[in-house]
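Chemist: Mind looking over this structure? Questions follow.
The values are calculated or read from the model by the stated rules, or taken from the named source; none is laboratory data. These numbers were taken from a predicted model, which means no experiment stands behind them. We place every Cβ from the backbone using ideal geometry, glycine too, and count neighbours over all the protein chains shown.
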Amino acid sequence: MAIILDGKTIAKKLEAELAAYSRIREIRLDVILVGDNLASATYVRNKHRAAERVGMQSVIHTLPVHTKSEEIEQLIEELNSNEEVDGILLQLPLPEQLNSEKLLDSIHPMKDVDVFHPENAGLAYLGRPRIWPCTPSGILRLLHEHEIDIVGKHAVVVGRSNIVGKPMAALLQHANATVTVCHRMTKRLQDFTRQADILVVAAGSPGLIGKDDIKPGAVVIDVGSEFVNGKLTGDVRFAEVEPIASAITPVPGGVGPLTIASLLSNTVRLASLRRGWAN
Ligand code: NAD
């Protein structure tokens, strides 16, 4: 039987730490939501509620699906120059007429709470992070809180997106794991996943990983969160993997809550740096 890595409990602990920060009420996070993607609207609402719980100001800018790029650029520019705004988050995916890369690049690096700006990503990869992307840093916190040793372990990351897989691999390397990255073109995926002491699956492919894909005793982190028949579903077949893993995250209630708590924590960190409260 595996230890269940309960993200909800750790997220509550992180939120309590943030709520206790003396300047939390001065800090403001602005989220831009374009279009009517239901999942995105839910994520934005959850982020807003979490910000309210810790006492952080949270403003949501909801824009219609056909909004022109120039209008979003103008809004980002206003938020960039508004001294009261500490974090700007452009919720992805954007409607297809919009160029995500160009818009994300226009967010001021000191307000880029998601670490999409090349300056922040570059600093993180060089081992001089201002902040790390929310999901990987939440996962590190989860491992740390459960006293799971990372040093010298073989960590296998399935997925290489800019938001999860790539920074996850970088952060694990930073934490002194030996890291292998797999992706859609990897041949014989199982040969790699079966070697993992720590397996992080961020493929967005429901049920991809089963009991034959893991080494007995592995720590299994399931980032996947796709709606299948209206139910949030991970990349790992929990019921069959849980009996042979040493620790495993559930979906929902594993990585998700920590991603949101890390977003708030990143906002506090960037606010402290930009306003000169910390160095
Ligand atoms: P993405 O589609 O940008 O990237 C998926 C990656 O997985 C790609 O690099 C691809 O090569 C790889 N991949 C896909 N199918 C594969 C397969 N069969 N074998 C090996 N590799 C495969 O997705 P993303 O933004 O990185 O998100 C991944 C999943 O994590 C999604 O389900 C997303 O909803 C979820 N997610 C959850 C959280 C959270 O907080 N819980 C946060 C971010 C993303």
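Chemist: Looking at (1) within 11 Å of the ligand (Cβ to nearest atom); (2) surrounded by 17 or more Cβ atoms within 10 Å (Cβ to Cβ), can you tell me which one residue 171 breaks?
Modeler: Here residue 171 clears every test but (1).
Chemist: Contact list please: Cβ distance under 6 Å, first residue in region 118-129 and at pLDDT below 95, second residue crowded, with 16+ Cβ neighbours inside 10 Å and of a type in the set (Ser, Thr, Tyr), pairs at least six apart or on different chains.
Modeler: none
Chemist: So residue 159 fits all but one of (1) without any contact (Cβ under 8 Å) to a residue 12 or more places away in the chain; (2) of a type outside the set (D, E, K, R); (3) in the same structural domain as residue 219 (by TED's automatic domain parsing); (4) farther than 21 Å from residue 267 by Cβ; what number is the exception?
Modeler: Status for residue 159: all satisfied but (1).
Chemist: Residues of region 87-106 being under 18 Å from the mean Cα position of the chain (by Cα) and hydrophobic (A, V, I, L, M, F, W, C), which ones?
Modeler: 88, 89, 90, 92, 94, 104
Chemist: While we're here: Restricting to region 189-205, name every residue that is under 22 Å from the mean Cα position of the chain (by Cα) and not in a strand (DSSP E or B).
Modeler: Across region 189-205, the qualifying residues are 193, 196, 197, 202, 203, 204, 205.
Chemist: Do we have any residue at all in region 128-146 that's away from the ligand (no atom under 14 Å from the Cβ), under 21 Å from residue 216 (Cα atoms) and either touching a Lys or Arg at 6+ places or on another chain (Cβ under 8 Å) or not in a helix (DSSP H, G or I) (or both)?
Modeler: Looking for residues that are away from the ligand (no atom under 14 Å from the Cβ), under 21 Å from residue 216 (Cα atoms) and either touching a Lys or Arg at 6+ places or on another chain (Cβ under 8 Å) or not in a helix (DSSP H, G or I) (or both), one finds at least one in region 128-146, hence yes.
Chemist: Hey, another quick one. What about residue 233, is it touching a strand residue (DSSP E or B) at 6+ places or on another chain (Cβ under 6 Å), hydroxyl-bearing (Ser, Thr, Tyr) and either at pLDDT below 95 or under 21 Å from residue 146 (Cα atoms) (or both)?
Modeler: Taking the combined requirement at face value, the residue does not satisfy it.
Chemist: Something else now. Of the conditions (1) surrounded by fewer than 19 Cβ atoms within 10 Å (Cβ to Cβ); (2) closer than 23 Å to residue 15 by Cβ, residue 138 fails just one. Which one is it?
Modeler: Condition not satisfied by residue 138: (1).
Chemist: Then there is this: If residue 124 meets every condition in (1) closer than 16 Å to residue 162 by Cβ; (2) in a loop (DSSP other than H, G, I, E, B) apart from one, which number is that one?
Modeler: Answer for residue 124: the failing condition is (2).
Chemist: If you check residue 212 against the conditions, is it without any contact (Cβ under 8 Å) to a residue 12 or more places away in the chain and either surrounded by 15 or more Cβ atoms within 10 Å (Cβ to Cβ) or touching a helix residue (DSSP H, G or I) at 6+ places or on another chain (Cβ under 9 Å) (or both)?
Modeler: Working: without any contact (Cβ under 8 Å) to a residue 12 or more places away in the chain: no; either surrounded by 15 or more Cβ atoms within 10 Å (Cβ to Cβ) or touching a helix residue (DSSP H, G or I) at 6+ places or on another chain (Cβ under 9 Å) (or both): yes.
No, not satisfied.
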